[in-house]
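J.: Pasting in a structure now, in structure tokens, and then I'll have a few things to ask.
The values are calculated or read from the model by the stated rules, or taken from the named source; none is laboratory data. Given the structure is predicted, the values throughout are model-derived calculations rather than measurements. No Cβ is skipped: glycine too gets one built from the backbone with ideal geometry, and neighbour counts run over all protein chains shown. Heads up: the accessible areas ignore ligands, DNA and RNA and are worked out on the full protein's heavy atoms, side chains in. Shrake-Rupley method; radii C 1.70, N 1.55, O 1.52, S 1.80 Å.
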Amino acid sequence: MKKFFEDIKKDIKFKSAGPGKKLAEGGSSKPRVVQNSGPAKLHHAAPTEGAQKAGAAAMARIEGQPRPRAQTSQDAIRLQVKRELEAEAAAVAATEKEKITAVEGSSVKDPAFLSVTGVYFICPLTGATLTKSEREVHIKEAIFMRFEEDAVEASIMMVHTFNKDREKVKAAVDIINKYIENICKNPTEEKYRKIKLSNKVFQEKVKTVEGSREFLQAVGFQSIMLDVEGQEESEEFLVLMEHDPEALEVMKESMDRLQRGEPVRAQLDHQPQTFRPSPNAMRFELPSEFYNLTAEELKREQQQKSEAVEKNTMLRTKAMREREEQRERRKYNYTLLRIRLPDGNILQGTFLAWDKVSVLFQFVRDSLVDGWQPFELVAPGGHKLREAQELALNECSLVPAVLLTFSWDAAVQADISAALLKPVLLKNIQTLG
């Protein structure tokens, strides 16, 4: 590149030297001396063919770009070339900086060193284990597959699962209930057994809720094109053919199921794991899913840890402390809890940060052979948790990862020497790294 622009400079200087002079034929071989009061000018040889081609290419490139009409001099050209070089250098520097930033920001913890590989969920319809991103699609597919077995149940699941606005769902269910209620009260009245799909109420309140039409068709309504008085073209109606009393009772039961329906939600997989006694029981490395923070916020939080120590030494009002504790609790979606048992073994599980304390107690109870016996769980600092507490785990400061201590209630401690884990858990016991 440097040689390329040196050739351009040579070419420009050559052209600026003025017109050449012809040598007289048969003249003297001695150079002719010209008297001039100004400084002597050196005449350079013409640029090489390669330099001329390179210069021509550069000039063509420059001419192809927009530039002020007044800039036609050699100085303007040189200035344009200089600007281009500076712009190219700046672009290259910016690209390199982006690459470096991307590399620095893409540092991800090695899964081999994580305390848990991730957060997983269980589909209540299929029993499949899913990641957070897989939940919605999998549940929708499972509900659609349900139509083959029970169209009424599947449509109820659609209504309550596919629609996030609970107020809209309630409004649609109330209107559908009115349709069916009118039919049951007036089974011989044909007008009550027809729903005009272009009706404003149906369009705005029922059609907009996914699964509502599927439910009506599942309970017996059929799509039929009917003539409308005063219109040339027919319109689509949902029509319920005349039903006997038993069929109407079944429809009322289906309506009751629709009103009591609940969204189908994947349940958090607690991922119970067991570990041998280890001095690393309090060492936690959590994946990013545990935090309700962006990568930048997580980095900022790490920087603020040292400030937190200093802040704890400051005098603060109770209201200030409560506000800070609330902000702290909202940082976490999940929590990883370990329970050290009397025999030294460690039980581990993943929980929602807003799970009640009773969920933790039930998890421990389900993991022990004698889980029906009364026991206690002690948090760091000696605070005893109460199963009857209505507090959430994050409200008890049990986030994002905590080691608890298990002990049998004093009334039964003499009869039980250790908290024996169920064989299915001991079968896969591991060693903490």
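J.: When you scan region 255-264, do you find a residue that is without any contact (Cβ under 8 Å) to a residue 60 or more places away in the chain, within 30 Å of Met158 (Cα to Cα), part of a loop (DSSP other than H, G, I, E, B) and not hydroxyl-bearing (Ser, Thr, Tyr), even just one? Before the answer, list the steps.
T.: Here is the first cut: in region 255-264, the ones without any contact (Cβ under 8 Å) to a residue 60 or more places away in the chain are 256, 260.
Still in the running and within 30 Å of Met158 (Cα to Cα): 256, 260.
Narrowing the set further to residues that are part of a loop (DSSP other than H, G, I, E, B) leaves 260.
Now narrow it down to the ones that are not hydroxyl-bearing (Ser, Thr, Tyr): 260.
Within region 255-264, one or more residues are without any contact (Cβ under 8 Å) to a residue 60 or more places away in the chain, within 30 Å of Met158 (Cα to Cα), part of a loop (DSSP other than H, G, I, E, B) and not hydroxyl-bearing (Ser, Thr, Tyr).
J.: So, in region 128-141, how many residues would count as being small (Gly, Ala, Ser) and either touching a helix residue (DSSP H, G or I) at 6+ places or on another chain (Cβ under 9 Å) or outside any helix (DSSP H, G or I) (or both)? Can you show your working first?
T.: Applying the first criterion (small (Gly, Ala, Ser)) to region 128-141 yields 128, 133.
Checking which are either touching a helix residue (DSSP H, G or I) at 6+ places or on another chain (Cβ under 9 Å) or outside any helix (DSSP H, G or I) (or both) leaves us with 128.
Residues flagged as small (Gly, Ala, Ser) and either touching a helix residue (DSSP H, G or I) at 6+ places or on another chain (Cβ under 9 Å) or outside any helix (DSSP H, G or I) (or both) within region 128-141 amount to 1.
J.: Which of the residues belonging to region 380-433 are among the small types (Gly, Ala, Ser) and open to solvent by 60 Å² or more (accessible area, probe 1.4 Å)?
T.: Of region 380-433, the ones among the small types (Gly, Ala, Ser) are 381-382, 388, 392, 397, 401, 407, 410-411, 414, 417-419, 433.
Scanning region 380-433 gives Gly381, Ala388, Ser397, Ala410, Ala411, Ala414, Ser417, Gly433.
J.: While we're looking at this one, here's another question. Scan region 348-375 residue by residue and report those that are closer than 19 Å to Ile122 by Cα and among the charged types (D, E, K, R).
T.: Asp355, Asp366
J.: Further question: Residues in region 241-248: is at least one over 30 Å from Gly127 (Cβ atoms), touching a helix residue (DSSP H, G or I) at 6+ places or on another chain (Cβ under 9 Å), surrounded by 13 or more Cβ atoms within 10 Å (Cβ to Cβ) and modelled with pLDDT under 95?
T.: Of all residues in region 241-248, those over 30 Å from Gly127 (Cβ atoms) come to 241-248.
Okay, now just the ones that are also touching a helix residue (DSSP H, G or I) at 6+ places or on another chain (Cβ under 9 Å), so 241-243, 248.
Restricting the remaining residues to those that are surrounded by 13 or more Cβ atoms within 10 Å (Cβ to Cβ) gives 243, 248.
Imposing the further condition that a residue be modelled with pLDDT under 95 reduces the set to 243, 248.
Yes: region 241-248 contains one or more residues that are over 30 Å from Gly127 (Cβ atoms), touching a helix residue (DSSP H, G or I) at 6+ places or on another chain (Cβ under 9 Å), surrounded by 13 or more Cβ atoms within 10 Å (Cβ to Cβ) and modelled with pLDDT under 95.
J.: In region 401-409, is there at least one residue being at pLDDT below 90 and assigned to a loop (DSSP other than H, G, I, E, B)?
T.: yes
J.: Kindly establish whether Ile339 is at pLDDT 95 or above and more than 19 Å from Ala392 (Cα to Cα). Steps first, please.
T.: Working: at pLDDT 95 or above: yes; more than 19 Å from Ala392 (Cα to Cα): no.
Judged against the criteria, Ile339 is not a match.
J.: Looking at (1) in a strand (DSSP E or B); (2) among the acidic types (Asp, Glu); (3) closer than 25 Å to Asp150 by Cβ, find the lone condition where Glu236 falls short.
T.: (3)
J.: Here is a follow-up. Mind listing whichever residues of region 157-199 are closer than 12 Å to Gly211 by Cα and either open to solvent by 60 Å² or more (accessible area, probe 1.4 Å) or in a loop (DSSP other than H, G, I, E, B) (or both)? Steps first, please.
T.: If we filter region 157-199 for residues that are closer than 12 Å to Gly211 by Cα, which is where we start, we get 157-163, 169, 172-173, 176.
The answer is Phe162, Asn163.
This table checks each residue for (1) hydroxyl-bearing (Ser, Thr, Tyr); (2) at pLDDT 85 or above; (3) touching a Lys or Arg at 6+ places or on another chain (Cβ under 6 Å); (4) farther than 30 Å from Ala172 by Cα.
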| residue | (1), (2), (3), (4) |
| --- | --- |
| Gln271 | no, yes, no, yes |
| Thr274 | yes, yes, no, yes |
| Glu297 | no, no, no, yes |
| Asn312 | no, no, no, yes |
| Glu325 | no, no, no, yes |
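J.: Determine which single condition Gly211 fails, assuming it passes every other condition in (1) small (Gly, Ala, Ser); (2) surrounded by 13 or more Cβ atoms within 10 Å (Cβ to Cβ); (3) without any contact (Cβ under 8 Å) to a residue 40 or more places away in the chain.
T.: (3)
J.: When you go through Leu341, Leu352 one by one, which is the residue that is out of contact with any Gly (no Cβ under 6 Å at 6 or more places or on another chain), over 10 Å from Phe406 (Cα atoms) and in contact (Cβ under 8 Å) with a residue 24 or more places away in the chain? I'd like the intermediate steps shown before the answer.
T.: Details: Leu341 fails: over 10 Å from Phe406 (Cα atoms).
Only one candidate qualifies: Leu352.
J.: Let me ask something else about it. Could you list, in sequence order, all residues of region 356-373 that are outside any helix (DSSP H, G or I) and open to solvent by less than 60 Å² (accessible area, probe 1.4 Å)? Break it down stepwise before answering.
T.: If we filter region 356-373 for residues that are outside any helix (DSSP H, G or I), which is where we start, we get 356, 368-373.
If the condition is that a residue be outside any helix (DSSP H, G or I) and open to solvent by less than 60 Å² (accessible area, probe 1.4 Å), then Leu368, Asp370, Gly371, Gln373 are the ones that fit.
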